[in-house]
Amino acid sequence: MAFKLKSVSEVFGINEEASEYGTPVFEKDLDPGIMGEANRDGTIFVKKGLPQKQINEIVEHEKVHLQQMGQGRLDYNNETVTWKPNTKTPARVYKRANMLEGAKNLPWEKEAYNKTKK
């Protein structure tokens, strides 16, 4: 009886096409309405089962958030999101319970949508 071993990418849910060195992209079951997540560890999660073209668009958007985090302008925890638009303005803390995650009117989302045009 012959069998085929799964690749490491298949076992861990890594999307090889969208992943880059230092920024692995994992396909996961995400909460309803969430298509992608950028994480402070440099990983990106995308919703499982999407077409590759859509995954690539989501990853492009989430990479902007990774850049924002790398610049120290965006941070988050379970309760809040901290946003600093530039070096001359103070940081502002937003309570996650009072916001619609991913809404296009949030300043860090607005910037990401403007840079990706999606």
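Some values worked out for this structure:
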| quantity | calculated |
| --- | --- |
| Residue satisfying condition, being at pLDDT 95 or above, over 23 Å from residue 83 (Cβ atoms) and among the acidic types (Asp, Glu), within set 60, 16, 27 | 27 |
| Residue count, the stretch 66-98 (criterion: under 17 Å from the mean Cα position of the chain (by Cα) and of a type outside the set (Gly, Ala, Ser)) | 16 |
| The stretch 1-23: number of residues that are open to solvent by less than 40 Å² (accessible area, probe 1.4 Å) and assigned to a loop (DSSP other than H, G, I, E, B) | 4 |
| Counted residues, the stretch 28-56 - those being touching a residue at least 12 places away in the same chain (Cβ under 8 Å) and either buried (at least 19 other Cβ atoms within 10 Å of the Cβ) or under 11 Å from the mean Cα position of the chain (by Cα) (or both) | 13 |
| Residue list for the stretch 76-118, filter: open to solvent by less than 100 Å² (accessible area, probe 1.4 Å), under 15 Å from residue 34 (Cβ atoms) and assigned to a loop (DSSP other than H, G, I, E, B) | 99, 101, 102, 103, 106 |
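The values are calculated or read from the model by the stated rules, or taken from the named source; none is laboratory data. The model shown is predicted, which means the values in this text are computed figures rather than measured ones. For neighbour counting, all protein chains shown are included, and Cβ atoms are generated from backbone atoms with ideal geometry for every residue, glycine included. Accessible surface areas use protein heavy atoms only, side chains included; no ligands, DNA or RNA. Shrake-Rupley method; radii C 1.70, N 1.55, O 1.52, S 1.80 Å.
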